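Presented below is the structure to which this report refers.
FYI, it's all coordinate maths here, none of it is from the lab. Small disclaimer: the values here were computed from a predicted structure and weren't measured. Reconstructed Cβ throughout: ideal geometry from the backbone, glycine too, with neighbour counts over all protein chains shown.
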Amino acid sequence: MSDDEQKRLDTIHNERVKLMATWMNNVGVGCVIAGFLAPSIGAATLELPKAAWLILAQMIWIPIGVALHFMGRRILGGLR
């Protein structure tokens, strides 16, 4: 395989890796937004016992979003 062909294949690989990392990060951002904003708005309009369930939802979705973000960062380690 020629050097030009290898560079082309490496460029294609890197773009696919960056696309996957971006996708993982965007899903993570969506989880943080949905896991923070929606329960916050709901908790502001409900009584305390029901609001406690929404706070629990925040404690679940925000770490999931952060984990997805860091997975995206880890994927970037596969760049050539």
Inset, instruction - For the range 24-46, indicate whether the set of residues that are touching a His at 6+ places or on another chain (Cβ under 9 Å) and of a type in the set (Gly, Ala, Ser) is non-empty. - result: yes
Inset, instruction - Could you list all residues from the range 9-66 that are touching a residue at least 24 places away in the same chain (Cβ under 8 Å) and more than 30 Å from residue 78 (Cα to Cα)? - result: 36
Inset, instruction - Look through the range 52-80, keep the residues that are in a helix (DSSP H, G or I) and of a type in the set (Lys, Arg), and return whichever of them is nearest to the chain's Cα centre (by Cα). - result: 73
